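Beneath this line is the structure, given in C-alpha cells, with notes to follow.
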Amino acid sequence: MIDSKTKVVGVIGKPIGHSMSPVMHNAAFSRLGLDYVYLAFEVSDLGGAIGGMRALGVRGFNVTIPYKVDVLRYLDEVDAVARMIGAVNTVVNDDGVLRGYNTDCSGAVDALISKVKLKGCKVAVIGAGGAGRAVAFGVAEKGAHVLVVNRTLVRGEELVSSVNGFYPGVAECGTMEGLKDASVVVNTTPVGMVPDVGATPVLNKFLRKSHVVMDIVYNPIETRFLRDARSLGCVTISGVEMFVGQGAKSFELFCGKKAPRDVMRDAVVGLLGK
Ligand code: ATR
C-alpha cells in the first residue's frame, strides 16, 4: 500500500507518455515487496524539476530524451563512466546529494556479452547520439574495436575522437561498406521504431550471416532490422534486453536490492505484446 513512508522514484523526459519504465519498475518493486512507487513526469523545466526532486526528497530518477546531457549540470556528482560518455540516465538522491550514472552503457554491454565475446572483435555502432556514445564506450572498455557509422560524418568523428581519447586507436569512422569487417552490428538510431516499422538503419545487402546484430529500438520487439538479420541466419539481440538491463541497474542503484530481471522483462514484453 502507498503510504507516508513510500519512497518515490520515477523518470523525467519529454514526451514521457509511452515510457515502459513505470510498469517495469513497479512490477519489480511489487515482486520484491519493496515500499517504492515509480512514476513518469513530463518535464519542460529541467532545473525546476530537479530542484523539486531535491526539495521533496525523491529517492532517484531516470532521465530520458531530451535531457540525458543537459541534466549533468544540475548534479552534485557524476560517476566516471557517465562523465566519459557525457550522458546520465540515472540519478540517485542520497540525503540531498544528487549523483548521476549511465546504466545504458552497462545495459548494452551485458546484453552483448550474453551472446558474444567482445575482446578483440570489431563492433559497428550505427549512430553517434547519446545511445551510440554509451554503446561505443562500453564495448571499447571491454576491449573491442569500434567502427562508428553515422549519417552526419562530423558527429561520428567527434565520437571517434572522444573514444580514442580514452582508449587510443580503438575507434574509427566508416561507412556501411565497413560492416563486412565487423563481427557485431548495433543500431543506436531510432530508425525502425513505431510507427516507422518498415524502415531499417542497415540495408540487407550490408549484413552477413556471421554478424551478431543488436537493436536498441525495443518497440516493436523485433524490428525490421532484426527480422532481416534473423532471416539471414544472424544471431540477434532485441532492444528489450538493453532496456531491461539499464532498468535493472537503475533499480539496484535506487534500492540496493538485486533486480528481478525476468519479472521486469515479462512486464515490458507483456506491454509491448498488446
Ligand atoms: P539518442 O540520444 O537517443 O541517441 P540523438 O542524440 O538524437 O538520440 O541521436 C540519434 C542518432 O540517430 C544520431 O546519430 C542520428 O544521426 P545524426 O547524427 O546524423 O543526426 C541518428 N539518426 C536519427 N535519425 C536517423 C535516420 N533517419 N537515419 C540515419 N540516422 C539517424
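Every number here is computed from the coordinates shown, using simple stated rules; none is lab data. Because the structure is predicted, anything quoted here is derived from the model rather than measured.
For the reader, a short list of remarks on this structure follows.
- J(HN,Hα) series, the range 222-239, from Karplus relation 6.51 cos²θ - 1.76 cosθ + 1.60, nearest Hz, glycine and proline x: 10, 6, 4, 3, 5, 5, 4, 5, 5, 4, 6, x, 6, 6, 10, 10, 6, x
- Length-normalised contact order for the range 41-104 - Cα pairs under 8 Å, 6+ apart - percent: 33
- For the chain, built as a Gaussian network whose Cα springs stay under 10 Å, the top-fluctuating residue of Val23, Val154, Val63: Val154
- Sequence-distant residues sharing a close amide H with His145 (under 5 Å, placed H): Gly120, Cys121, Lys122, Val123
- Rounded to the nearest 10 degrees, the inclination of helix 261-272 to the longest alpha-carbon principal axis of the chain is 80 degrees.
- Over the chain: helical MRE at 222 nm, DSSP H runs n ≥ 4 each giving -39500 (n - 2.57), nearest 500: -11500 deg cm²/dmol
- Long-range HN-HN contacts of Leu39 with modeled amide H, under 5 Å: Val9, Gly10, Val11
- GNM on the chain, alpha-carbon springs under 10 angstrom: the most fluctuating residue among Asn219, Asn89, Asn102 is Asn219.
- Kirkwood Rh in Å, taken over the range 49-132 so that all alpha-carbon pairs contribute: 14.0
- Relative contact order, percent, the chain [alpha-carbon distance under 8 Å, six or more residues apart]: 17
- The angle between the Cα long axis of helix 103-113 and the longest principal axis of the Cα atoms of the chain comes to about 40 degrees, rounded to the nearest 10.
- Compared with the dominant principal axis of the Cα atoms in the chain, helix 21-32 is inclined by about 60°.
- Applying the Karplus relation 6.51 cos²θ - 1.76 cosθ + 1.60 with θ = phi - 60° to the range 42-56 yields 3J(HN,Hα) values of 7, 10, 9, 10, 4, x, x, 5, 6, x, x, 4, 4, 4, 8 Hz, where x marks Gly and Pro.
- Scaled against 2.2 N^0.38 Å for its residue count N, the alpha carbon radius of gyration of the range 105-237 is 0.95.
- Straight-distance candidates among the lysines for linking to Lys142, with alpha-carbon spacing under 29 Å and chain neighbours fewer than 8 residues away dropped: Lys68, Lys115, Lys117, Lys119, Lys122, Lys180, Lys205, Lys209, Lys249, Lys257, Lys258.
- Over the range 105-237, Cα pairs under 8 Å with separation of 6+ residues give a relative contact order of 23 percent.
- For the chain, built as a Gaussian network whose Cα springs stay under 10 Å, the top-fluctuating residue of Val240, Val185, Val37: Val37
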